[in-house]
Every structure is written in C-alpha cells, then in structure tokens.
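Some notes on the structure that comes next.
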Amino acid sequence: MTEQRTYGDRVGVVTVTYFPGETLEKFLDTLDKATDRDVHVVVADNASTDGAPEKAAERENVTLVSIGENVGYGTAANRGVAALDDSYGWVVVVNPDLEWEPGSLDALIEVAGRWPRGAAFGPLIHDLDGTVYPSARLLPSFGRGIGHAVFGKIWPSNPWTREYRQENAAPTERTSGWLSGSCQLFRREAFDSVGGFDTRYFMYFEDVDLGDRLAKAGWQNVYAPSSSVMHIGGHSTARASAKMLRAHHASAYRYLADRHQGLLWKPVLAAVKLGLALRVKLETRKG
C-alpha cells in the first residue's frame, strides 16, 4: 500500500511554455501583484527556442524545467508539478499567455478555504475586450458533446452548446463539471490522488477529463469569479493550427471512447470518429 504524502501550505505556479514570446514576461510581472505570498514558479518548457523560458529563469523565484521535446500540455504540467517539493500543497497550473488582476491569486486561495472538498478552483476569465469566457462548464455527455461539436460553429445558439457552455449562468461561486485548463488552482492532495493529468491527451480535453476524474473521486471543481484574470489566448497554438485542430478532435474522441465502452457503443463511436475526421478535413481545407 502506497503511503499518502503530506503537503505543506506553500503555493507553487506551473506554467507550460511552447514559444511563449513576450507574453511570459507580462505573465510573471502581473503575478507579482496577484498575491502577497512568496510564490515559486516552475516553467515547464516543451522545447521552445525563442529564449523566453531561459530569460524568465533569471528571476529569483523561477525554475526552468527543460523537457527537450513537445510532450503536450498535460504531460508537461505533470512534470512541472513533480518539480515542486512537498512543502507546496497548492499548485496553480496556468497558461503563460495570461495576465493576472491585482490580488487575483489571493482571491482564489481565499475561496479554496471555504471548500474543504474542493480540488480545483477556476477564476473568472475574460478576453482582451472584457468578454467573459465560459470557463466553468457541464461535462460533455454523449448527446450534449455531439450536438455542440456538430452545430457549435454553424449554429452557435443551439441548445446543446448553450447548455454545455453554461453561458447564461450567473458568475457566482459554485461547483462545476469542469474548469478551463488555462488557469486552475489545485489542492495538491487531490491532484495527486488521481494521478494529475492523463498523459494520453496531447492537448485539449485534458482539463475536461481531469475535472471528471476528480469528481468521481469525491472532490469538487469550484468556479471562483471573485478572482479575475485576462487570457490573451492562442499564442503558442497559432504556430501549428492544423496540428492543433487534429489534436482537438483526437482528444474529443478519446474522451468519449473512454466513457462509452462495450460492443454496443462500437458502431456509434466508429461513426463519431468518421464525422470528426471529415470535420478536420473540411476545417483544414477552409484554413
């Protein structure tokens, strides 16, 4: 039997980088104003060559974990978390193309204190123009997930997308099916208890999968809109949009296939796989 690890109360921040450019410096500058705590940052880098991770590591509170290849988001995040010793009981896993509002990390930690079974805490995320991103969503059931995948772009107001994205839900502190992986504060005990991110997901759906597994293990995913951050978005994925589109569809299929096993589901999943492949072809051709 594996002995359960005991963690301290320190806060670590893990950010996964892949050619982050100047966004990483802004991320670190705004983090300084997001908390009064001494926070250590781990930059888990997927083989960037733009020099930004190395420049960041010149800061006293930053450690660079050079992975040497692009292993994807979840795998890199896990390695970044593993680089923190057991005194770190709270870990933020966050994209580098994000800017913190003053006091936002302290606000997240304050919310965590109110939810003893809370495993993951997600702030309110807004875009550059102030639009609030629907970052706390329901889990994609088979019908809801397919409806959103098929009609999301051609009929944005369809009922499956509206239900899934929870866009009309008021930004109040509440539990959620899953939280956007662009910024989450994790109770490390909970993160550790489910083995962190599933490394089979190269990118996309690793946050959906983790939220589902945490809930099944008896933990809670908590939306904390009293904390607010701005996500610029798409900085690294823009380098390989066709590749990222394929990764998104592969991850969507994996998520559904993992949760719908058995002979009866095989023909349904085969049709889904074909539909997703056709959609990738159409979107890639369009691009």
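The values are calculated or read from the model by the stated rules, or taken from the named source; none is laboratory data. As the structure is a prediction and not an experimental result, all values here were calculated from the model. Accessible surface areas use protein heavy atoms only, side chains included; no ligands, DNA or RNA. Shrake-Rupley method; radii C 1.70, N 1.55, O 1.52, S 1.80 Å.
Ranking of 101, 22 by solvent-accessible surface, largest first: 22, 101 (1.4 Å probe, protein heavy atoms only, all chains present). Computed log10 I(q)/I(0) for the range 11-231 at 0.13, 0.14 Å⁻¹: -0.72, -0.84, from the Debye equation with unit scatterers placed on every C-alpha and solvent omitted. Among the protein heavy atoms of the range 242-284, carbon and sulfur supply 69% of the accessible surface, probe 1.4 Å, non-protein parts ignored. Taking each residue as 0.36 nm, the span from residue 278 to residue 61 lengthens on full extension beyond its C-alpha to C-alpha distance by 73.5 nm. For the range 11-231, the per residue solvent-accessible surface stands at 40 Å², with DNA, RNA and ligands left out and a 1.4 Å probe. For the cross-link pairs 26/243; 26/273; 26/281, the ones whose C-alpha atoms lie over 29 Å apart are 26/273; 26/281. Over the C-alpha atoms of the range 242-284, the Rg to Rh ratio, Rh being the Kirkwood estimate, stands at 1.02.
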